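A.B. asks: Mind looking over this structure? Questions follow.
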Amino acid sequence: MTEETETRAEGVAGIRDVVSIRLPAASAYLSVLRTATAGLAARLDFTLDEIEDLRIAVDEACAMLLSEAVPGTDLTAEFELTGQEMQVRVEVATVGSSAPKRDDFAWMVLTALADDVDAVAPSQGFPDRMAIVLRKRRGAAQRTAGPA
Amino acid sequence: MELKVSTRSQAGCALVAITGEIDLYTAPHLQSEFTRLLQEGPSRVVIDMSAVDFCDSTGMNVLLSALKRMKEQGGALDVAAPRPAVRKILQVTGLDSVFTVYDEVPQEFLIAEGS
């Protein structure tokens, strides 16, 4: 019984392991998405600390997008799991043209807890969509900050 | 359901015990609880965070605005007993140096709670 942990998230024959969740773009559903995030991160054997980081990061990304989302539409979250990394893309429908704000606490928390964050502003091809993509690698962020 | 706030006041000191998760959904409830409490003009407020499972930046903004209003009134607002997840948010936002953060609820508030 030694084989189960290492092969867990690889999928069958290297097939992409992708989970999509569609929810109403409403803050009442944030807790549902946090729980799903934690469950998926646990599949990849992330540490409890890393799972907590992901839970918070996904929450922050969604909270940022929800303020720009068109009421009554959906928020989609796509989780892509590889052996060492989870990538999460959260996306909403918007009517504004601004990019997610990068000067508030939400952005500060998001970029501190994820390894990598991209904000995808409404663009020429997709004028009514706004997304945030974040990635976190297992065992990557080993306490870069010293004692405060 | 997701967030419970109970306040115990005595002689201008208030202990606010929060239970549950503070996020974009529950933050308005917390905000209105603080608004109501601060109208009573307490001189000192301690927030017991020991039962807060989750708090994001939205929650931190609520605490921060309460702190600002308390300072305007010449009072103090401190945070007590945050769990590791909440402590992490305090650290990455730098707010652990803005708030006075106690590891546990100060003794004098526990005594007030018992009486």
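A.B. asks: Let me have the relative contact order for chain B, percent, based on Cα pairs under 8 Å that are six or more residues apart.
C.D. replies: About 25 percent, as a whole number.
A.B. asks: While we're on this one: For B:Val79, what is the net charge nearby, where nearby means another residue's Cβ is under 13 Å from its Cβ and Lys, Arg count +1, Asp, Glu -1?
C.D. replies: That sum, taken over residues with Cβ under 13 Å, equals -2.
A.B. asks: Which of the listed residues, A:Leu40, A:Leu23, B:Val92, is farthest toward the dipole's positive end in the protein assembly as shown, when Lys, Arg count +1 and Asp, Glu count -1 at the beta-carbon?
C.D. replies: B:Val92
A.B. asks: Related question: What does the C-alpha gyration tensor say about the overall shape of chain B? Classify as rounded when a/c is under 1.5, otherwise prolate if a/b is larger than b/c, or oblate.
C.D. replies: In terms of gyration-tensor shape, rounded.
A.B. asks: Would you report the distance distribution of C-alpha pairs in the protein assembly as shown as whole percents per 10 angstrom bin, up to the bin with the largest distance?
C.D. replies: Pairs per bin, as whole percents: 7, 28, 31, 22, 10, 3, 0.
A.B. asks: Please go through the stretch B:59-109 and write out the GluC sites (Glu not before Pro) that DSSP classes as loop and that have at most 16 other C-beta atoms within 10 Å.
C.D. replies: Hits after loop and neighbour filter: B:Glu104.
A.B. asks: Taking just the C-alpha trace of the stretch A:2-140, give me its Rg and Dmax in Å.
C.D. replies: For the stretch A:2-140, the Cα radius of gyration and maximum Cα-Cα distance read 15.1, 52 Å.
A.B. asks: With a 1.4 Å probe, what is the total accessible area buried between chains A and B, in Å² rounded to the nearest 100?
C.D. replies: 1600
A.B. asks: Now a separate question. If you filter the stretch B:20-115 for trypsin sites (Lys or Arg not before Pro), then keep DSSP loop positions with at most 13 other Cβ within 10 Å, what is left?
C.D. replies: Here no loop site has a sparse enough neighbourhood.
A.B. asks: What whole number of Å gives the distance from the Cα centroid of the stretch B:50-115 to the Cα centroid of the stretch A:87-134?
C.D. replies: A separation of 29 Å, based on Cα centres.
A.B. asks: Carbon and sulfur: what percent of the stretch B:19-102's accessible surface (1.4 Å probe)?
C.D. replies: Whole-percent figure for carbon plus sulfur exposure: 51.
A.B. asks: What net charge is computed for the residues neighbouring A:Ala131, neighbours being all others with C-beta under 10 Å from the C-beta of A:Ala131, Lys and Arg scored +1, Asp and Glu -1?
C.D. replies: Computed value for this residue: -1.
A.B. asks: Considering only B:Thr35, B:Met70, B:Ala80, whose Cα is most displaced toward the positive end of the charge dipole of the stretch B:19-102, charges sitting on Cβ of Lys, Arg (+1) and Asp, Glu (-1)?
C.D. replies: Checking the options against the dipole of the stretch B:19-102, the answer is B:Met70.
A.B. asks: In whole percent, and with a 1.4 Å probe on the protein chains, what portion of the accessible area of the stretch A:2-140 is carbon and sulfur?
C.D. replies: C and S atoms contribute 52 percent here.
A.B. asks: Quick one: accessible area per residue over the stretch A:2-140, 1.4 Å probe, rounded to a whole number of Å²?
C.D. replies: That works out to 48 Å² for each residue.
A.B. asks: How far apart, in nm, are the 7 Å Cα→Cβ label points at A:Asp104 and B:Ser6?
C.D. replies: 3.3
A.B. asks: Give the residue list of GluC sites (Glu not before Pro) in the stretch B:1-46 that are DSSP loop and have at most 13 other beta-carbon atoms within 10 angstrom.
C.D. replies: B:Glu40
The values are calculated or read from the model by the stated rules, or taken from the named source; none is laboratory data. The structure displayed is predicted, hence computed values, not measured ones. Counting neighbours? That spans all protein chains shown, and the Cβs are built from the backbone with ideal geometry, glycine included. What goes into the accessible areas is simple: the full protein's heavy atoms, side chains included, and nothing from ligands, DNA or RNA. Shrake-Rupley method; radii C 1.70, N 1.55, O 1.52, S 1.80 Å.
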